[in-house]
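To start, the structure under review is shown below, and the notes come after it.
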Amino acid sequence: MVECLLQGPTINSNVYCEPLKKLRRAVQNERRGMLIATILLLHDNARPHPAAQTQDLITSFKWEQMYHPPYSPDLTPSDYHLFLHLKMFLGGKRFDDDDDLKEAVQKWLTSQTAAFYEEGIQKLVPHNDKCLNNGGE
């Protein structure tokens, strides 16, 4: 699921909860039976994520969460895999408008193989292990 937010408004808990609701519906529609199994949500500690409204919604979905340690930019999962490659793909390109950019990003995301995403997920283990084995330091 790819969600593009409008430019300008601040991303707060209200705004952040809407894509989570869409994600839940997408999982229900595309992966019947998966809502019975555990869903593990990984997100960083940006303000809308630990907000009470967000946490209440995630709890109501019965999703588990992996917490991102505060002040650990070297462990930010989105930065070291997905966005690194996306940044390289977008480097030097110009787009006429937001819709062209969204289309290019969507095409790039869907063109990646399952192995690309699996590799990124597998990289989470040593990154999080690094933090856990250092007592969160």
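The values are calculated or read from the model by the stated rules, or taken from the named source; none is laboratory data. If you're wondering where the values come from, they're calculated on a predicted model, not measured in any experiment. Positions of Cβ are backbone-derived with ideal geometry, glycine not excepted, and every protein chain shown enters the neighbour counts.
Let's see how each residue does on (1) surrounded by 10 or more Cβ atoms within 10 Å (Cβ to Cβ); (2) modelled with pLDDT of 80 or more; (3) within 24 Å of G8 (Cβ to Cβ); (4) not assigned by TED's automatic domain parsing to the domain that holds N14:
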site	(1), (2), (3), (4)
H85	yes, yes, no, yes
L101	yes, yes, yes, yes
Q122	yes, yes, no, yes
N128	yes, no, no, yes
G136	no, no, no, yes
Scanning the stretch 1-50 residue by residue, those outside any loop (DSSP other than H, G, I, E, B) and in contact (Cβ under 8 Å) with a residue 24 or more places away in the chain turn out to be S13, N14, V15, Y16, C17, L20, K21, R24, A26, L40, L41, L42
Note on A115: of the conditions (1) modelled with pLDDT of 75 or more; (2) more than 25 Å from Q28 (Cα to Cα), unmet is (2)
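To keep it simple, each residue is scored yes or no on (1) modelled with pLDDT of 85 or more; (2) outside the structural domain of K130 (by TED's automatic domain parsing); (3) surrounded by 15 or more Cβ atoms within 10 Å (Cβ to Cβ); (4) of a type in the set (V, I, T).
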position: Y16; (1), (2), (3), (4): yes, yes, yes, no
position: A46; (1), (2), (3), (4): no, yes, no, no
position: Q53; (1), (2), (3), (4): yes, yes, no, no
position: D97; (1), (2), (3), (4): yes, no, no, no
